[in-house]
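In what follows, a single structure is set out as structure tokens and then discussed.
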């Protein structure tokens, strides 16, 4: 069987801050697993439209095409799926958007044959076995995480749920993509870091805060629990990236590792000598930035820490279930700055109850942060009620638009973002745009550790 796995380009004008600079690890994990398990029974290609255009004419070369769909690229994935059906391809859809809205998609889109919800490695393998064997030895309804239309038109959403044991998965192979393209994109955005060859890993999945509280109101994570990969395998992966591709800087996309002190200390202590020069960019909640972690950051060569600050107004932080205060955030960043570790604070404007007063509090915090001197980057975005988040659920259950939204598969984020602001905040969208722009402009006046801004920064 000839398979193409595709990450379609965004169609809603929203771009992740590091899009096109790092490989799609989820797709590569699926491709690697299928190739390992099925060998020469299949051939797999990967197209990541963050770095290359999808060639529609190539659809004739494939029996099955799988699309990874977020809310941002879902309409593009559907467009490609219709084209794939014109080429007699089997179509499979996966990703966070389809996990949440699988029923609506199958009801509204006849171009989608199968949907895999949540994690896809094993369900995808079982589906290919079913298709390859004409269903003789695999019962379609027994495949976990699978959704499809039955012959009578009824929609089947599997009640069988599969979650990966991360220790059982292989290191995602980068041979399916051209890493040089990601490095080019990185250096185009950050020309001052011309010595960086970036790579990415995930060391864990899940968020303990979401498990305890249902998470921040804008969060659309779908995992339950926090699961860690084997530490030795993670270092094997990093060493492979270093030796094969020259990678010297690692972005760990996991965002809850510091919540488990024992795991993090063990990870640092098990670093191979060959990886001593590797630099790291990591995520953390501000409550995890404590004095004990600093020595381990230095030992691991942590150069930059991404922190979700979200707001400088404590009332808003409480209402957004963030679990932190303005004062906690500032202490965390001051601790990093005092120890010469860069930080990247991120803000979400338009939290429930946002007002001009709360926006002023956020902007004042941003100025205080910038004056610390350890600022690497800073970004502000306007809240988007993405399917899977509590914000999306609030629109569904508390607004007149919710009845229509509940039937949709393609969510217009431009409209929904503005609708959210109108209903759940006390400011205009234009006011939020002004504050967002003012916060983002602060980066034009400050650089790392208070040094003058260079012309190309």
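Residues of the stretch 107-123 falling in the label zone of residue 407, defined by backbone nitrogen less than 15 Å from a point 7 Å along Cα to beta-carbon, are 107-109.
For residue 277 and residue 168, a Förster radius of 35 Å and the Cβ-Cβ distance give a FRET efficiency of 0.70, rounded to the nearest 0.05.
Each residue in 286, 268, 46 was given a count of other beta-carbon atoms within 10 angstrom of its own, and listing them fewest first yields 268, 46, 286. Taking label positions 7 Å along the Cα-Cβ direction at both residue 414 and residue 331, the computed distance is 4.4 nm, reported to one decimal.
Provide the gained length on full extension for the span residue 60 to residue 355, in nm with one decimal, where the gain is 0.36 nm per separating residue minus the Cα-Cα distance.
Gain on stretching residue 60 to residue 355: 100.8 nm.
For the pair residue 87 and residue 53, label points projected 7 Å from Cα toward Cβ lie 1.5 nm apart. Relative to the dominant Cα principal axis of the chain, helix 429-441 is inclined by about 70°. DSSP finds beta bridges in the stretch 190-450, and of those with both partners inside it, around 10 percent are antiparallel.
Between the helical axis of 326-338 and the longest alpha-carbon principal axis of the chain there is an angle of about 80 degrees. Listed from fewest to most Cβ neighbours within 10 Å, the set 280, 148 follows the order 280, 148.
When the helix-only estimate is applied to the chain (DSSP H runs of n ≥ 4, each -39,500 (n - 2.57), divided by the residue count), what is the mean residue ellipticity at 222 nm, nearest 500 deg cm²/dmol?
-11500 deg cm²/dmol, from helical runs alone.
For a Förster distance of 25 Å, can you work out the FRET efficiency between the beta-carbons of residue 193 and residue 239, rounded to the nearest 0.05?
Details: r = 22 Å, r/R0 = 0.88.
Working from the Cβ atoms, E equals 0.70.
Be a star and scan the stretch 220-246 for residues whose amide nitrogen sits under 20 Å from the point 7 Å along the Cα-to-Cβ vector of residue 36. Output list for this probe position: 227-245. A crude spin-label estimate for the pair residue 227 and residue 160, with each label 7 Å from Cα along the Cβ direction, gives 1.7 nm.
Each residue of the chain gets 145 Å³ once the volume of the Cα convex hull is shared out per residue.
With q set to 0.13, 0.15, 0.28 Å⁻¹, the log10 of I(q)/I(0) for the stretch 206-266, from the Debye formula over equal scatterers at the Cα positions, is -0.46, -0.59, -1.19.
Reducing the stretch 1-62 and the stretch 270-336 to their Cα centroids gives an inter-centroid distance of 32 Å. The angle separating the long axis of helix 356-372 from the principal Cα axis of greatest extent in the chain is about 70 degrees. Subtracting the Cα-Cα distance of residue 434 and residue 140 from 0.36 nm times their residue separation leaves 100.6 nm of extension gain.
Applying 1/(1 + (r/R0)^6) with R0 = 45 Å to the Cβ-Cβ distance of residue 2 and residue 290 gives a FRET efficiency near 0.30. Take every Cα pair under 8 Å whose residues are at least 6 apart in sequence, average their separation, divide by the length of the chain, and the relative contact order is 13 percent.
Values in this text are rule-based calculations from the coordinates and carry no lab data. Predicted model, so just to flag it, every value in this text is computed and none were measured. Virtual Cβ from ideal backbone geometry, glycine too; neighbours counted across all protein chains shown.
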